[in-house]
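The values are calculated or read from the model by the stated rules, or taken from the named source; none is laboratory data. The shown structure was predicted, so the numbers you read here are calculated from the model rather than taken from an experiment. Positions of Cβ are backbone-derived with ideal geometry, glycine not excepted, and every protein chain shown enters the neighbour counts.
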Amino acid sequence: MKAQTKETQDLMTPEKALQELKNGNERFVQKKQLSRDLMQQVGETSTGQFPFATVLSCIDSRVSSELIFDQGIGDIFSVRIAGNFVNEDILGSMEFASKLAGTKLILVLGHTACGAVKGACDHARLGNLTALINKIEPAVAAVKQPQEEGLRNSSNSDFVNEVAAQNVRMTVDNIRSQSEVLKTMEDEGAIQIVGGMYDIKTGQVHIY
């Protein structure tokens with residue numbers, strides 16, 4: 001399996017890029033990953049890189065984008081931060097990936113049982129983590145059910161997972177509202193910006 005080239009990147013559309021990630025996740029779940037010589041890909045990408053997608057995901061050790069989407073070296077830009085939210089630096093990275101490096105898709109990927117989201121549900125406070133948690137808490141407030149305070153915490157896995165999904169949706173909206181570059185590219189059809197959730201029990205990614 002060869003690494004992406006300028007030619008293969010140019011042939012990618014946003015729709016094809018999304019389908020490639022879906023296909024890769026299906027291979028991952030079915031244990032039918034493609035055979036790759038990663039050191040060969042190291043050599044092939046030593047003079048340039050031509051990824052087709054950018055994935056913003058959590059730092060969670062169970063959610064490696066390259067693995068769960070069955071991708072190799074040079075295939076995707078992987079942006080990782082606890083809680084998979086955006087800030088100025090991450091938006092700048094995405095603008096580089098899309099506008100200058102040519103990726104066709106931005107996927108914001110949350111996951112079930114997310115520790116950062118659990119912290120936001122419990123309104124945890126700890127050093128620099130406090131500022132990070134503050135950025136996820138708007139998603140907690142946006143999930144209206146259940147209303148009982150005793151059920152709006154990390155012990156309620158359904159609530160945690162709904163907050164994680166809401167955080168993805170809000171992050172997608174924030175990309176569009178906070179980056180004129182990416183919003184314009186999406187409006188022109190050069191890229192797609194989508195969200196998804198990874199199930200840590202099944203290995204499946206659900207795109208929405």
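Summary of computed values
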| read-out | value |
| --- | --- |
| Residue count for region 83-93, restricted to those that are hydrophobic (A, V, I, L, M, F, W, C) and within 11 Å of the chain's Cα centre (by Cα) | 2 |
| Residue match in region 11-29 (condition: surrounded by 15 or more Cβ atoms within 10 Å (Cβ to Cβ), at pLDDT 95 or above, in a loop (DSSP other than H, G, I, E, B) and touching a helix residue (DSSP H, G or I) at 6+ places or on another chain (Cβ under 7 Å)) | no |
| Filter pass, residue 39 being over 18 Å from the mean Cα position of the chain (by Cα) and at pLDDT 95 or above | yes |
| Members of region 71-121 that are touching a Ser or Thr at 6+ places or on another chain (Cβ under 6 Å) and of a type in the set (S, T, N, Q) | 78, 84, 103 |
| Subset of region 45-73 (residues that are of a type in the set (A, V, I, L, M, F, W, C) and either part of a loop (DSSP other than H, G, I, E, B) or more than 14 Å from the chain's Cα centre (by Cα) (or both)) | 50, 52, 58, 59, 63, 69, 73 |
| Which listed residue is within 25 Å of residue 116 (Cβ to Cβ) and β-branched (Val, Ile, Thr), from 13, 54, 45 | 54 |
| Residue count for region 83-101, restricted to those that are surrounded by fewer than 16 Cβ atoms within 10 Å (Cβ to Cβ), in contact with a strand residue (DSSP E or B) (Cβ under 9 Å, 6 or more places away or on another chain) and under 30 Å from residue 156 (Cα atoms) | 0 |
